[in-house]
Amino acid sequence: MAAILLDVDGVLHVSGEPIPGAVDAVRRMRSSGHRIRFVTNSTIMSRKQLAEMLRALGFTLEDEELQTTGGVAARVLQGKRVLALTMPGILDDLEGLQLIGMNADAVLVGGCDEGEEPGRVFSYLNLNRAFLELEAGADLYCLHKNRWWQTADGPKLDAGAFVAGLEYASGTEATVLGKPSPEYFAAALEAIDADPELAWMVGDDIEGDMVGAQRYGMRTVLVRTGKFRPDDVEQSGVVPDGILSSVAQLPDWLESNP
């Protein structure tokens, strides 16, 4: 049976509303014996919180089946002094890191949202502190470099704009820890003991999901939900192995495309 990496936001749900047919699709793939790992660049909630939300929507999964960027960061940055510009919700995933306010070895940039204390994460004060740490020799990391994300109210600016600003100001390049980095896909496939050429990445994001997975040697399925935009597909030149209306079609499609 196939190994399947399932993106979460935009594929299984949008702003906490499940994609019609997504719950049943995941159930059917499990019953067919497919190995599934849920992979996300979400930086608003911790793995535990996100898993609980998905279960509340009707999906069946264990916390350990969900891979977040925070978990990858905790492993990569272990032993470093880290200035973290992240949403409070993911701090549990950064457990074990030495989080400090100055004299950092690394600056970690996470996601942004309009939730608690709007603008606090990327206030001028915080961004300038990060800039000064980079100028003093700290390395720049980001949980992802997404330009925007899809919500029920439409697209919203994401952390990539702030990462790009810090790169420009400091003359350095950020190490991306989430999708589309090969390290993120490697960790996901290792967790389900799968080889890239025998695995599928199912996502709604051309840049993060399709390009990243194809570079790592995986097969790809793009869904027309979430961030999907027809013009983006045409302009990117990326050719997924399949394009489906939604994840609800995936179980039947996999049966005809083993």
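The values are calculated or read from the model by the stated rules, or taken from the named source; none is laboratory data. No experiment lies behind these values; they were computed from the predicted model shown. Neighbour counts run over all protein chains shown; Cβ positions are idealised from the backbone, glycine included. Side chains included, ligands, DNA and RNA excluded: accessible areas come from the protein's heavy atoms. Shrake-Rupley method; radii C 1.70, N 1.55, O 1.52, S 1.80 Å.
A few notes on this one:
- Probe 1.4 Å, protein heavy atoms only - accessible area per residue of the chain in square angstrom: 46
- Overall form of region 1-48 per C-alpha gyration tensor (a/c, 1.5; a/b vs b/c): oblate
- Over the C-alpha atoms of region 141-219, the Rg to Rh ratio, Rh being the Kirkwood estimate, stands at 1.03.
- A Förster radius of 51 Å, combined with the Cβ-Cβ distance separating Asp63 from Ala136, puts the computed FRET efficiency at roughly 0.85.
- Candidates Asp93, Asp231, Asp241: whichever shows maximal mean-square fluctuation once the chain is modelled as a Gaussian network with Cα springs under 10 Å: Asp231
- The chain: angle of helix 124-135 to the longest principal axis, Cα-based, in degrees nearest 10: 80
- Residue-averaged [θ]222 nm for the chain, counting only DSSP H segments that reach four residues, each worth -39500 (n - 2.57): -8500 deg cm²/dmol
- The share of accessible area on the chain that comes from carbon and sulfur is 49 percent, using a 1.4 angstrom probe.
- Most mobile listed residue (His144, His13, His34) in the chain, GNM with C-alpha springs under 10 Å: His34
- Projecting the Cα atoms of Ala56, Val39, Ala2 onto the charge dipole of region 1-93, computed from C-beta unit charges around the Cα centre, puts Ala2 farthest toward the positive end.
- 3J(HN,Hα) along region 81-96, derived from phi through the Karplus expression 6.51 cos²θ - 1.76 cosθ + 1.60 where θ = phi - 60°, amounts to 7, 10, 8, 10, 9, 9, 5, x, x, 9, 4, 4, 6, 9, 4, x Hz, with x in place of Gly and Pro.
- Among (i) 36; (ii) 31; (iii) 28, the entry derived from the coordinates for percent of Cα pairs over 28 Å apart: (ii)
- Calculated over region 1-90: convex hull of Cα atoms, volume per residue (Å³): 97
- For Ile36, the amide hydrogen comes within under 5 Å of the amide hydrogens of Ile4, counting only partners 5 or more places away or on other chains and with H modelled in the peptide plane.
- Once C-alpha pairs closer than 8 Å and six or more residues apart are averaged by separation and normalised to the residue number of the chain, the relative contact order reads 21 percent.
- For region 64-76, Karplus couplings with θ = phi - 60° (6.51, -1.76, 1.60), whole Hz, Gly/Pro x: 5, 7, 9, 9, 10, 5, x, x, 5, 4, 4, 6, 5
- Cα centroid separation, region 216-231 to region 167-183 (Å): 22
- Here the dipole of the chain is about 100 debye; that uses its Cα centre as origin and unit charges on the Cβ of Lys and Arg (positive) and Asp and Glu (negative).
- Separation of the Glu234 and Asn257 label points, Cα + 7 Å toward Cβ, nm: 2.1
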